[in-house]
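Notes follow the structure.
The values are calculated or read from the model by the stated rules, or taken from the named source; none is laboratory data. As the structure is a prediction and not an experimental result, all values here were calculated from the model. Please note: Cβ atoms are built from the backbone with ideal geometry, for glycine as well, and neighbour counts cover all protein chains shown.
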Amino acid sequence: MATDANSVLYLHPNDGSYSISVDKLIGASDYRSWKRSMEIALTSKKKIGFVLGTVIRSTYAADPVTIDQWDTCNSMVISWIHACLSDTIKKSVLYINTARETWVQLEKIFSMANGSRKYKLNKDLYQLKQNSLTINEYYTAMSSLWEELDSMNALPVVNDMSAEFLNGLDDHYGAMRIQMLMLTPLPTVESACSMLQQEESQRDVLISKAESDISAMYSRQFPVKPTVTCSHCGGKGHSQNKCWYLYCFPKKQEKPRLNPVNTAAETHAIFQYTKKGSETDEELDNSFSGMVSCNHAESVLNGWIIDSGASDHMTYDVSKFTDPKIAVALPKITLPTGDSASISHTGNVSLCNSLHLHNVLCVPKFRYNLLSVPKLTKDSQCEVNFYGTHCVIRDAVSKKVKGVGKAKKGLYYLVNEPLGSDLISQEQNTHNCFAAQDEMNSVPFAVWHHRLGHASVKKLKHIPCVKKTIKENSQICVTCPMEKFTKLPYQLSESHAAKPFELIHMISRVLT
């Protein structure tokens, strides 16, 4: 045998029929991946030329020694291929003499027509959804299909790959998907995967299953019951200033034949309560670069998006300012696309319902209006409460409602119009109701025990609001055991007289 390790005819002493570890070929469905794995393995052994036809026997015909070496290497390559085939497939190529002919025969048998194979791959690619997989698992499954298409010279362009990847995400990534699809140019698949993995990590930390259970419990306890009647059309569930008959119907919304029931559900669903954890400082630092509040709707270009991650108010329209000032020596901001954008103006913006935004930045290149929650709460002395279907902006002192935001496709849009008294009063009543409910749930078991006349735990556990406060380590009431005694026991006296009539106790009392 050849002694030069760099020679294609060299075989290591440890090489044998099972020196290559590749999964066995089962059929046409896995032939592409099997072929690629075999090519890598044979290349590592410097024997790829035997199956590609670049190392042929006639080249060494002049020397009987090298001919023998070639035959040995050829037989070894054939044994490697046979070891990676199922028993049924091995029988179909068992009597072929050269590795090249064996390779070509397998190609003829299992290489499906490119058209049908590409069709199946594209169909699988289109139907692939995340279905509760992790972002990494979902990306790996889609990447394997792309790589097989690449081997058939049919790799999609970058934009198609990104669109296909985003199309299969679960619904709770809808806001991130809309944000990325509106970026120009579209982010690469790797960039999208990285941003989604960060969002996935934050979601795992900040959102627990318990919060979802609590949200469901509140929805069941407080069902939506429409009470408002429109004075214009007579429909229930909305007021006159929300009537579609006066302000035109949304796009692709047919005029209803009966009372607009859908509007009623939408109006009162805004008052459903769900708990939401506060954001951490790290979120506030990173969420602006990793998450831009965007949406398809035409109203996005003119409406204000309530963003808890933005550090400043921003708009692209200088006409919204009441006192615009040209920005001088202000640093550029970085958009999610990675581009830098300049700040052209600064100033104040006045919105409906006595909302005034101070030090708003005008960024013409950024085509959205952002209302920064941290800056609003600091400058205007407001508090913002986020719920499942809406958010409410209140005065921090008087608790007066100053603005309402509606949730649409994962984002909160400010209702930039005067708020009706009925909407404010209903929201305030709902807020007070939940505040009372929270206060009732926060009363400890000991207080309930005393309020209800020292009733036993066995009886109190049948009261729903009290049952939640009972814990295994609840302290035993001191009064309950004492009520069973007819009189208190005497304390052990330590006073003893050494002789009769000796003074052992005296109380001094001063009369005034």
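Here are some notes:
- Where helices (runs of 4 or more DSSP H) fall entirely within region 158-251, those with at least 3 residues that are surrounded by 15 or more Cβ atoms within 10 Å (Cβ to Cβ), at pLDDT 60 or above and assigned by TED's automatic domain parsing to the domain that holds Ser143 are at 158-167, 174-181, 189-206.
- Checked against the criterion of being touching a helix residue (DSSP H, G or I) at 6+ places or on another chain (Cβ under 8 Å) and more than 30 Å from Glu147 (Cα to Cα), the candidates Thr98, Thr66 yield just one match: Thr66.
- The condition of being at pLDDT 80 or above and not basic (Lys, Arg) holds for only one of Thr267, Thr322, that being Thr322.
- Scope region 428-486; condition modelled with pLDDT under 75, over 30 Å from Arg394 (Cα atoms) and in a helix (DSSP H, G or I); matching residues: Lys467, Thr479, Pro481, Met482
- Any hit, region 287-303, residues being farther than 19 Å from Met180 by Cα, part of a loop (DSSP other than H, G, I, E, B), modelled with pLDDT of 50 or more and not small (Gly, Ala, Ser): yes
- Region 90-119 - residue that is exposed (fewer than 12 other Cβ atoms within 10 Å of the Cβ) and of a type in the set (Lys, Arg) and, of those, modelled with the highest pLDDT: Lys91
- Candidates in region 368-383 are the residues that are among the polar types (S, T, N, Q) and surrounded by fewer than 19 Cβ atoms within 10 Å (Cβ to Cβ); of these, the one that is farthest from Gly303 (Cα to Cα) is Gln381.
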